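Structure record follows, encoded as structure tokens.
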């Protein structure tokens, strides 16, 4: 699958692009996962947002990159989501790889921390993340913290 990546600050979204972005997050995190929680939060405004579009211009993948010192001491990926139509295509791995490239460029030499849904431990492990600590409940879904000691940009 070919994906066109776009990085934006929240203020740089057009109204329709923001609608698509927030609707995908809502459709997956709130509706599909039947989890009533405030998806939009105070981390959205200071974060950079990555959106991936397929050849037809449909939003198929997105996440946010939270700067260090806000949620964790390290930078952090969050709200990682793949549209149902793109699941199983490798889009998730492309999304994480693109995000880690940007994180390494913006925050060289720094680690990275995520709060991942526990069932995705192996997925994130393929990108170098290692589990730390015990499983915990977040909004009714089992989560784990995972870290990379240092994100290194590929040569």
Between residue 40 and residue 126, the FRET efficiency computed from the C-beta separation at R0 = 35 Å comes out, to the nearest 0.05, as 0.75
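On a full-extension model of 0.36 nm per residue, what is the gain between residue 26 and residue 87, subtracting their alpha-carbon distance, rounded to one decimal in nm?
The span from residue 26 to residue 87 would gain 20.3 nm if fully extended.
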At 20 °C in a medium of viscosity 1.002 mPa s, the chain has a Stokes-Einstein diffusion coefficient, with Rh taken as the Kirkwood radius over alpha carbon pairs, in µm² per second, of 135
So for the stretch 61-139, using the alpha carbon gyration tensor with a ≥ b ≥ c as root eigenvalues (a/c under 1.5 gives rounded; past that, a/b versus b/c decides prolate or oblate), I'd call it oblate
Taking the chain and counting helices only, DSSP H stretches of n ≥ 4 at -39,500 (n - 2.57) each over all residues, the nearest-500 ellipticity at 222 nm comes to -6000 deg cm²/dmol
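Throughout, read-outs are computed from the coordinates displayed, never taken from laboratory work. It should be emphasised that the depicted structure is a prediction, and the values quoted were computed from it without experimental measurement. As a convention, Cβ positions derive from the backbone with ideal geometry for all residues, glycine included, and neighbour counts pool all protein chains shown.
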